[in-house]
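The values are calculated or read from the model by the stated rules, or taken from the named source; none is laboratory data. Model, not experiment: these values are computed from the prediction. Cβ placement follows ideal geometry from the backbone for every residue including glycine, while neighbour counts extend to all protein chains displayed. Keep in mind that these areas ignore ligands, DNA and RNA; they rest on the heavy atoms of the full protein, side chains included. Shrake-Rupley method; radii C 1.70, N 1.55, O 1.52, S 1.80 Å.
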Amino acid sequence: ATVTGADRVMLQATTPFDTTVVYTLTAGATLTDCPGNAIDKRTARFATPAGAQASDILFNEVLYHPYENGSEFIELYNRSERIIDLSSQWLWMADNGMLNDPYLISVEPYLLFPGGYIVLSKGRDGITPYYTIHDSDAFIDMPDFPVLGNDGDELAIVTLSGLQVDRFRYSDEMQYPLLRDDEGVSLERISFDRLTQESTNWHSASETAGFATPGYENSQHAETTGAGGAVTVEPELFSPDNDGRDDVAHIVYRFDKPGYMGNIRIFDSRGREAIHLVKNALFGLEGAYTWDGFDNERRKMPAGIYVVYVEVFDTEGQVSRYRKPVVLAVKM
C-alpha cells in the first residue's frame, strides 16, 4: 500500500483482476482515522470496468423544475451486466436535435454496477433536504452541470469514443395533468424495456414518494408480463391519482412476427372515444403503451369501465383487432 494523500491510499495487487468478477474490499476492525476514530464503512466494491454499449445506461428520472432553493438532477440506471466507468461518459445537451454542450460526468473513475442508480447534479445539498434518500453514495456532484429548466430540452449520454448510449427529450406534457404545480416534481421512467423517447413511458413521481426518488427505484416503475394473450391490459383496474399505486394502465402486446402497424383507441362504456392513444405506429414483436386516464384534451376521465381497442395490420393487408376492458377507479 502507498499513501497518496491525506484522504486516500493506493493498493497494488500481486495478480491481475478478473474482468468478470466484482470484488469486495474489507477493512480490518482495527483500522481508524488519524485521530483514532473508528471507520463506519469498512467495505467497498470494485471491478475492472467495461465500455458502455447502446442502451446500457438509461435516463431514468429527471427533475428539471426544482424547488426555489433546490437543485435540478438527472438519474441514470445501469440496465446491463457490465460495470461501467462514468468518467468515460459525457452528458450532452442538444439544441434542435444537434448535440452541442458536453459535460464530463465524473473527473475521477466512478463505477456504476449492474442494476445501479446514480444521481447527477450540481450539488446534492439542493436535493437531500427535500426528498427521501436511501443511498447517500448514489450522487455525483458535477462542477459543470447543464441548466434543465426549459420544456422540450434534450439530453444524451455519449461515450468518449462518440457512441450514443441513450437520448431523452423531456416535456411538460409528460407530467401528470392534475398537478397544481410541477415545481419539485420529477419525471420518472416507467419501464427499462420500453423506449426512452416513448412519451407514455414517463410519469410524474408519486406524491406518496415525495414527488421524486433520487438514487433508488422509481415510484412509477412497472415491468409488464404480457401473459395471457397477444394483447393484455395490466392492471385491469387502475386509479390515476398519482399516489404511486396503479396510476396507469399498461397495454401490453406480443405478436408472432414483426412489421405490424396499428392504432390504439380507448372508448367509454357508451362507445364514445376517450382518446386516440396510438396513431399508425410501427409495433415491435412485443412492447407496451400506457394510458394515464386522460382524454385527447388532457381532461381526466370519470370512473367507469372502458374498452381498449387495438387494431393492427401487416403489409399483406391482414388485420387483427383486440378489445380489452379496463376499469378506471377513483378514491371515495
Across segment 217-233, the tally of residues that are at pLDDT 95 or above and open to solvent by 40 Å² or more (accessible area, probe 1.4 Å) stands at 1
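Against the condition under 26 Å from THR213 (Cα atoms), of a type outside the set (Ser, Thr, Tyr) and out of contact with any strand residue (DSSP E or B) (no Cβ under 7 Å at 6 or more places or on another chain), how does PRO102 come out, does it pass? Lay out the reasoning, then the answer.
On the way: under 26 Å from THR213 (Cα atoms): yes; of a type outside the set (Ser, Thr, Tyr): yes; out of contact with any strand residue (DSSP E or B) (no Cβ under 7 Å at 6 or more places or on another chain): no.
For PRO102, the condition - under 26 Å from THR213 (Cα atoms), of a type outside the set (Ser, Thr, Tyr) and out of contact with any strand residue (DSSP E or B) (no Cβ under 7 Å at 6 or more places or on another chain) - is not met.
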Pairing a residue in segment 34-56 that is farther than 26 Å from PRO114 by Cβ with any residue that is of a type outside the set (Ser, Thr, Tyr) and surrounded by 11 or more Cβ atoms within 10 Å (Cβ to Cβ), where Cβ atoms lie under 7 Å and the two sit 6 or more apart in sequence or on different chains, gives ILE39/ALA27
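Any chance you could count how many residues in segment 134-153 are outside any loop (DSSP other than H, G, I, E, B) and open to solvent by less than 20 Å² (accessible area, probe 1.4 Å)?
Filtering segment 134-153 down to residues outside any loop (DSSP other than H, G, I, E, B) leaves 139-141.
Subsequent filtering for residues that are open to solvent by less than 20 Å² (accessible area, probe 1.4 Å) retains 139-140.
Of the residues in that region, 2 qualify.
For every residue, the table says whether it meets (1) in a loop (DSSP other than H, G, I, E, B); (2) open to solvent by 60 Å² or more (accessible area, probe 1.4 Å); (3) in contact with a Gly (Cβ under 7 Å, 6 or more places away or on another chain).
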| residue | (1), (2), (3) |
| --- | --- |
| PRO16 | yes, yes, no |
| ALA29 | yes, yes, no |
| PRO35 | yes, yes, no |
| ASP40 | yes, yes, no |
| THR48 | yes, no, no |
| ILE74 | no, no, no |
| TRP92 | no, no, no |
Subset of segment 159-188, residues among the aliphatic types (A, V, I, L, M), open to solvent by less than 10 Å² (accessible area, probe 1.4 Å) and more than 12 Å from the chain's Cα centre (by Cα), comes to VAL165, VAL185
*Out of all the residues in segment 299-313, is one or more open to solvent by less than 80 Å² (accessible area, probe 1.4 Å), touching a Pro at 6+ places or on another chain (Cβ under 9 Å) and acidic (Asp, Glu)?*
no
Going through segment 80-102 in order, the residues found to be under 21 Å from the mean Cα position of the chain (by Cα) and among the acidic types (Asp, Glu) are GLU81, ASP85
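Take SER191 and tell me if it is among the hydroxyl-bearing types (Ser, Thr, Tyr), farther than 19 Å from GLU72 by Cβ, open to solvent by less than 30 Å² (accessible area, probe 1.4 Å) and in contact (Cβ under 8 Å) with a residue 12 or more places away in the chain.
Working: among the hydroxyl-bearing types (Ser, Thr, Tyr): yes; farther than 19 Å from GLU72 by Cβ: yes; open to solvent by less than 30 Å² (accessible area, probe 1.4 Å): yes; in contact (Cβ under 8 Å) with a residue 12 or more places away in the chain: yes.
Considered against the rule, which asks whether it is among the hydroxyl-bearing types (Ser, Thr, Tyr), farther than 19 Å from GLU72 by Cβ, open to solvent by less than 30 Å² (accessible area, probe 1.4 Å) and in contact (Cβ under 8 Å) with a residue 12 or more places away in the chain, SER191 comes out as yes.
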Here the residues within segment 10-54 that are β-branched (Val, Ile, Thr) and more than 25 Å from ILE105 (Cα to Cα) are THR14, THR15, THR26, THR30, THR32, ILE39
Considering residues that are free of Cβ contacts under 8 Å to residues at least 60 places away in the same chain, closer than 20 Å to THR232 by Cα and part of a loop (DSSP other than H, G, I, E, B), the number found within segment 280-302 is 4
GLU286 passes all but one of the listed conditions (1) at pLDDT 95 or above; (2) open to solvent by 20 Å² or more (accessible area, probe 1.4 Å); (3) touching a Lys or Arg at 6+ places or on another chain (Cβ under 6 Å); the exception is number (1)
- Kindly indicate whether any position in segment 266-277 is open to solvent by 20 Å² or more (accessible area, probe 1.4 Å), outside any strand (DSSP E or B) and either among the small types (Gly, Ala, Ser) or under 30 Å from PRO129 (Cα atoms) (or both). yes
Residue pairs qualifying under the 8 Å Cβ cut-off, at least six apart or on distinct chains, with the first in segment 204-215 being touching a residue at least 40 places away in the same chain (Cβ under 8 Å) and assigned to a loop (DSSP other than H, G, I, E, B) and the second being of a type in the set (A, V, I, L, M) and open to solvent by 10 Å² or more (accessible area, probe 1.4 Å), are PRO214/ILE133; GLY215/ILE133
